[in-house]
1. Test each condition in (1) at pLDDT 95 or above; (2) near the ligand (Cβ under 10 Å from one of its atoms); (3) surrounded by fewer than 17 Cβ atoms within 10 Å (Cβ to Cβ) for I69 and report the one that comes out false.
2. Checking K127 against (1) at pLDDT 80 or above; (2) surrounded by fewer than 17 Cβ atoms within 10 Å (Cβ to Cβ); (3) out of contact with any Gly (no Cβ under 8 Å at 6 or more places or on another chain), only one condition comes out false. Which one?
3. Please work out which one of (1) over 18 Å from the mean Cα position of the chain (by Cα); (2) closer than 23 Å to N126 by Cα is the condition P75 fails and give its number.
4. Of the residues in the stretch 50-85, how many are charged (D, E, K, R), in contact with a helix residue (DSSP H, G or I) (Cβ under 8 Å, 6 or more places away or on another chain) and without any contact (Cβ under 8 Å) to a residue 40 or more places away in the chain?
5. Tell me whether the stretch 91-113 contains one or more residues that are modelled with pLDDT of 95 or more, in contact with a strand residue (DSSP E or B) (Cβ under 8 Å, 6 or more places away or on another chain) and assigned to a loop (DSSP other than H, G, I, E, B).
6. Just wondering, is there one or more residues in the stretch 36-47 that are at pLDDT below 95 and not hydroxyl-bearing (S, T, Y)?
7. Within the stretch 34-45, which residues are within 23 Å of Q103 (Cα to Cα), in a helix (DSSP H, G or I) and out of contact with any helix residue (DSSP H, G or I) (no Cβ under 6 Å at 6 or more places or on another chain)?
8. Mind listing just one residue for me: the one in the stretch 86-101 that is free of Cβ contacts under 8 Å to residues at least 12 places away in the same chain and more than 11 Å from the chain's Cα centre (by Cα) and, of those, nearest to the ligand (Cβ to nearest atom)?
Amino acid sequence: MPRACAQAVDQEKGRTETEGQEATEGEGEAVSHHWYHTTRWRKRRARQLADHPLCAMCEKQGKVSAASIADHVEPHKGNAEKFWNGELQSLCPTCHSARKQMQEKHGYSAACGVDGLPLDPNHPFNKGRS
Ligand SMILES: [Zn+2]
């Protein structure tokens with residue numbers, strides 16, 4: 001009996017691995033870079049910046065900066081659903097590159113707001129809160 005269970009698990013694993021996107025993270029990135037050149041994305045970005053013309057991270061730190069980048073709050077990592085439907089925030093180039101560097105290293109931004117709490121919803125501190 002335990003043998004049958006183990007086999008079922010193996011089959012389950014095999015199925016998800018072959019059906020899922022087999023693309024490595026690098027390939028996924030390449031595909032998603034293409035999305036930035038579509039009219040659909042340009043419209044989405046323009047709407048985000050029209051609705052929120054100021055940098056969200058500067059704002060939380062009591063600063064006012066014009067935003068020029070529509071940034072995904074949760075990194076999409078080549079995931080179409082997250083890319084097109086994930087929450088966006090407006091960022092200035094300075095905050096965007098700072099956030100990117102932090103995300104590449106740690107998976108989240110360590111930037112803190114005026115209250116001293118991390119701003120990034122992906123920060124472990126915020127993940128535990130509801
Ligand atoms: Zn900023």
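The values are calculated or read from the model by the stated rules, or taken from the named source; none is laboratory data. Bear in mind that the values here come from a model prediction, so they are computed numbers and not experimental data. Cβ: placed from backbone, ideal geometry, glycine included. Neighbour counts: every protein chain shown.
1. The failed condition is (3).
2. With (1) at pLDDT 80 or above; (2) surrounded by fewer than 17 Cβ atoms within 10 Å (Cβ to Cβ); (3) out of contact with any Gly (no Cβ under 8 Å at 6 or more places or on another chain) applied to K127, the lone miss is (1).
3. All conditions pass for P75, except number (1).
4. Adding up the residues that qualify gives 1.
5. Scanning the stretch 91-113 turns up at least one residue that is modelled with pLDDT of 95 or more, in contact with a strand residue (DSSP E or B) (Cβ under 8 Å, 6 or more places away or on another chain) and assigned to a loop (DSSP other than H, G, I, E, B).
6. Step one: filter the stretch 36-47 for residues at pLDDT below 95, giving 36-37.
Narrowing the set further to residues that are not hydroxyl-bearing (S, T, Y) leaves 37.
Yes, the stretch 36-47 contains at least one residue that is at pLDDT below 95 and not hydroxyl-bearing (S, T, Y).
7. Passing the criteria: H34, R44, R45.
8. If we filter the stretch 86-101 for residues that are free of Cβ contacts under 8 Å to residues at least 12 places away in the same chain, which is where we start, we get 97, 100-101.
Going one step further and asking which of them are more than 11 Å from the chain's Cα centre (by Cα), we end up with 97, 101.
Working: S97: 10, Q101: 14 Å.
So the residue we want is S97.
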